[in-house]
Amino acid sequence: MTGFGSLVRANNALGAASYGLDVTGQNISNANTTGYTRQRADQVSVGPVSNVPSIYVSRQRGDQGVAISGTSRLNDPVIDARDRLENSRSSYLATAASTASAIETAFPEPTTSGLSAQLDTYFQSWSALANQPNASGTASTALRQAVLSAGTAVTTSLNTAAQNLADTSATLTSQLSSTVTAAQNSATQLGQLNAAIKVASSTGQNTNALADQRDMILADLAKSVGGTATINSDGTADVTVGGQALVTGNTVSTLAIDPTSQVTVNGTVATMTTGAAGALVTGITVTVPAYQAKLDNVAATLASTVNAAHQAGYDANGVAGGAFFSGTTAATIGVAITDPAELAASASASATGNNDGTQATTIANLATQPGSASTTYVNLVGDVGSMSALATQQQTIQDSVTTNIDATRQSNSGVNYDEEVTNLLMYQRSYQAASRVLTTVDDMLDTLINRTGKVGL
């Protein structure tokens with residue numbers, strides 16, 4: 001029995017070494033495969049045959065060698081969960097920084113063609129008109145036309161900035177729709193994958209490849225909608241989004257966007273603080289509207305202060321001035337006057353006072369008044385710049401954290417060529433040693449069977 005037992009042990013060792021080589025080859029071939037987690041052939045020692053009658057137990061020699069108990073995925077669930085969380089945060093902050101950059105482009109400052117410079121030119125044109133109150137004919141018309149032209153340039157810039165912000169909001173809305181659609185598709189795939197994993201797990205099949213696919217989907221959901229995953233004992237994964245269950249086993253809820261641009265799960269609003277979708281919702285519902293309101297405040301301040309001063313004066317014909325600007329928002333503001341003679345530059349309706357320029361000076365001085373449109377706009381631009389700089393800084397810091405956890409996960413779960421080459425040599429030597437044992441036992445048995453008991457030989 002000793003010789004035949006050695007054959008069994010050698011045969012088991014050959015099988016284990018061969019299986020180990022197969023797993024190592026699988027690792028090496030998938031070293032550059034996205035989402036692949038390295039695997040390990042698990043070996044266990046096999047004890048004596050348990051069903052041998054007790055009368056023969058004393059003759060039983062040693063254990064049965066080695067056997068393969070399975071193939072492990074060398075991942076750390078804690079590291080995987082942390083990696084998904086940090087990538088979700090990075091996705092949120094990257095989207096927030098992109099939104100801030102888009103808002104910043106709506107205010108091209110400081111430039112000679114920016115609104116700040118145009119406001120200065122506008123109020124300076126009133127000052128130029130005030131400095132030449134007695135101008136007449138072509139000179140008077142030119143000065144007055146300069147005021148109208150400068151006013152038109154200001155309103156056009158306000159209109160353009162408002163449109164840029166509206167376009168930014170529309171772009172974010174489109175991105176949110178695409179993100180939610182992609183997340184819904186990922187959730188559907190996860191539900192189907194959960195069903196396959198459950199069947200494979202219950203029948204004892206290897207689920208490593210399915211688990212790799214599952215983890216890639218979980219990573220996508222974390223980045224897109226801030227999905228939080230729970231890995232169950234059978235290998236399936238449940239996902240919640242903003243506190244709402246998106247995937248439970250093979251049951252998948254419906255992601256949608258409600259009229260207020262909030263993401264919902266089966267009709268219930270999901271409050272998302274991570275993931276690209278969370279930043280997009282914040283951009284659409286909070287960030288862009290806030291700067292639209294601030295820009296509207298610039299337009300409203302400009303219109304109300306200038307109109308009040310203009311209506312207190314008199315034009316070249318001695319008629320009381322009307323509103324200089326029409327509209328009260330950045331999108332609707334415009335110049336209400338088309339005739340240069342209707343500019344109310346004078347403080348008096350008298351024939352002499354019509355060209356005194358006093359009211360033009362009053363309007364020009366609005367530029368330096370506390371809370372003026374110019375000051376309000378400067379504060380707005382400063383706010384936008386600070387917001388954008390902070391968003392970029394936060395993204396940079398988070399990206400550093402994410403890069404570190406990505407590296408940790410790769411070190412833990414990724415394929416290391418040096419390690420795999422070492423394993424190749426180890427299994428190769430194991431196979432050679434087992435082969436040597438097999439050959440030796442075969443020679444022993446050959447001697448026993450074919451040479452023992454033959455007299456004269």
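Below is a table of values for the structure above.
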| quantity | calculated |
| --- | --- |
| Complete set of residues in the range 79-110 that are closer than 30 Å to residue 231 by Cα and of a type in the set (A, V, I, L, M) | 79, 81, 85, 93, 94, 96 |
| Check on residue 388, surrounded by 15 or more Cβ atoms within 10 Å (Cβ to Cβ), assigned to a loop (DSSP other than H, G, I, E, B) and either at pLDDT below 95 or in the same structural domain as residue 161 (by the TED database) (or both) | no |
| 2 or more residues out of contact with any His (no Cβ under 9 Å at 6 or more places or on another chain) and without any contact (Cβ under 8 Å) to a residue 40 or more places away in the chain: qualifying strands (runs of 3 or more DSSP E) within the range 232-304 | 237-241, 244-248, 263-265 |
| Qualifying residue in the range 374-382 (condition: in contact with a Phe, Trp or Tyr (Cβ under 6 Å, 6 or more places away or on another chain) and surrounded by 14 or more Cβ atoms within 10 Å (Cβ to Cβ)) | yes |
| Failed item in (1) out of contact with any Phe, Trp or Tyr (no Cβ under 9 Å at 6 or more places or on another chain); (2) within 18 Å of residue 88 (Cβ to Cβ), with residue 398 passing the rest | (1) |
| Close pairs (6 angstrom Cβ cut-off, 6 or more residues apart or separate chains): closer than 21 Å to residue 283 by Cα and outside the structural domain of residue 250 (by the TED database) in the range 176-188, modelled with pLDDT of 95 or more and not β-branched (Val, Ile, Thr) anywhere | none |
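The values are calculated or read from the model by the stated rules, or taken from the named source; none is laboratory data. Remember, predicted model here, so these are calculated numbers, not experimental data. Note that each Cβ is placed from the backbone with ideal geometry, even for glycine, and that neighbours are counted across all protein chains shown.
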